[in-house]
Amino acid sequence: MQAAVFDLDGVVTDTAKFHFQAWSKLAKEEFNLDLPASFETNLKGISRTESLEAILKFGDLLDKYSKEEVQNLANKKNDYYVEAINKLTKEDILPGISKLLTDLKANGVKLAVASASKNAPFILEKLGLAHVFDAVADPAKVKAGKPAPDIFLAGAKAVGVAPNQCVGVEDAVAGVSAIKAADMVAVAVGDKNELRQADCVVPTTRNFTYQLFSDVFDRYHK
């Protein structure tokens with residue numbers, strides 16, 4: 001294992017709740033739509049534009065907005081989101097993650113972020129982790145979002161490591177599919193049945209350890 005490539009939302013910090021709050025606010029204000037709590041799953045691991053399109057489809061409104069209007073609305077949602085995440089601190093790093101990152105680095109493992117969020121550098125800065133990661137893949141520079149492998153391949157390339165020497169870390173089905181499509185070992189956090197495509201699934205980030213990552217990687221490459 002030469003590199004670990006991390007998703008951000010739901011893996012390093014729980015900003016997913018802020019995303020859904022921002023989308024819910026936009027949906028109510030702009031479309032008079034009340035998004036059910038269960039709809040949050042539909043927005044996990046996909047880009048801002050894809051998320052808005054899913055909401056418009058849910059409200060049977062997809063054909064009523066031009067591409068330019070969709071982009072403007074997506075930007076408005078991002079303003080709501082940035083306002084919320086501006087309050088993030090190192091206290092918002094998920095349990096077990098700080099020690100995991102320290103142990104991975106101590107064992108010579110390169111660290112990259114592969115998030116669909118264009119706000120990843122800002123979030124890492126707020127969490128005090130910007131200096132810990134060796135690279136952050138830019139979602140604006142990849143052709144396709146998750147479940148395509150592009151963002152994880154970009155993360156591996158950014159730290160100069162072959163994809164098959166990387167462990168990818170996710171909490172979403174689309175993200176796990178992207179990791180596997182990138183020919184990486186997939187470690188996931190969340191529901192075991194939902195994320196069954198992963199090589200290893202743990203219930204919480206507290207279960208993440210360097211030893212776990214190393215063992216899963218070695219077992220996969222036997």
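A few remarks follow.
- Rounded to the nearest 20 debye, the dipole size of the chain about its Cα centre is 380 debye, using +1 on the Cβ of Lys and Arg and -1 on the Cβ of Asp and Glu.
- If you take the alpha carbon atoms of the range 56-167 and fit the smallest convex hull around them, that volume is 137 Å³ per residue.
- When the Cα convex hull of the range 2-133 is projected onto planes of every orientation, the mean area is 8.5 nm².
- Taking 0.36 nm per residue of separation and subtracting the Cα-Cα distance, full extension of the segment from Asp14 to Glu91 would add 26.6 nm.
- ³J(HN,Hα) computed for each position of the range 76-86 - Karplus, 6.51 cos²θ - 1.76 cosθ + 1.60, integer Hz, glycine/proline x: 5, 4, 5, 4, 4, 5, 4, 4, 6, 6, 4
- Phi to ³J(HN,Hα) by Karplus 6.51 cos²θ - 1.76 cosθ + 1.60 over the range 95-105, Hz, x for Gly, Pro: x, x, 6, 4, 5, 4, 4, 4, 5, 4, 5
- Here the peptides 1-8, 83-90, 99-106 are ranked by packing, the mean other Cβ count within 10 Å, and the order with the highest first is 1-8, 99-106, 83-90.
- Two-site label geometry, Asn75 and Asp103: point separation in nm, points 7 Å out along Cα→Cβ: 4.5 nm
- Bridge orientation summary for the range 1-143: considering DSSP beta bridges with both residues in this region, about 10 percent are antiparallel.
- Positive-end residue, the chain charge dipole about Cα centroid, Cβ charges, pick of Val216, Gly128, Asn75: Val216
- Dipole moment magnitude, nearest 20 debye, the range 7-116 about Cα centre, only Lys, Arg, Asp, Glu C-beta charged: 380 debye
- Filter on Lys110/Lys222; Lys77/Lys146; Lys126/Lys192; Lys90/Lys143 - keep pairs with C-alpha separation over 25 Å: Lys126/Lys192; Lys90/Lys143
- Percent of alpha-carbon pairs separated by more than 25 Å within the chain: 37 percent
- Dividing the summed -39500 (n - 2.57) terms of all DSSP H runs of n ≥ 4 by the residue count of the chain sets its mean residue ellipticity at 222 nm at -13000 deg cm²/dmol.
- Computed over the range 61-110, Kirkwood Rh from alpha-carbon pairs, angstrom: 14.4 Å
- Crossing angle, helix 16-31 versus the chain [Cα axis fit, 0-90 degrees, rounded to tens]: 10 degrees
- Inter-label distance, Lys28 to Arg196: 3.7 nm, where each label sits 7 Å from its Cα along the C-beta direction.
- Interchain or long-range residues, amide H under 5 Å from Val136's placed H: Val113
- Alpha-carbon centroids, the range 167-217 and the range 97-118: separation in whole Å: 14 Å
- Rounded to the nearest 10 Å², the accessible area of Arg219 at probe 1.4 Å: 140 Å²
- 5 angstrom amide H check on Lys110, placed H, neighbours 5+ away: Ala3, Ala4
- Segment Gln211-Asn42, extension gain: residue separation times 0.36 nm, minus the distance between their alpha carbons: 57.6 nm
The values are calculated or read from the model by the stated rules, or taken from the named source; none is laboratory data. Worth saying up front: this structure is predicted, and the values here are computed from it rather than measured. Note that we place each Cβ from the backbone using ideal geometry, even for glycine, and neighbour counts take in every protein chain shown. Protein only, heavy atoms only, side chains kept; ligands, DNA and RNA dropped before computing areas. Shrake-Rupley method; radii C 1.70, N 1.55, O 1.52, S 1.80 Å.
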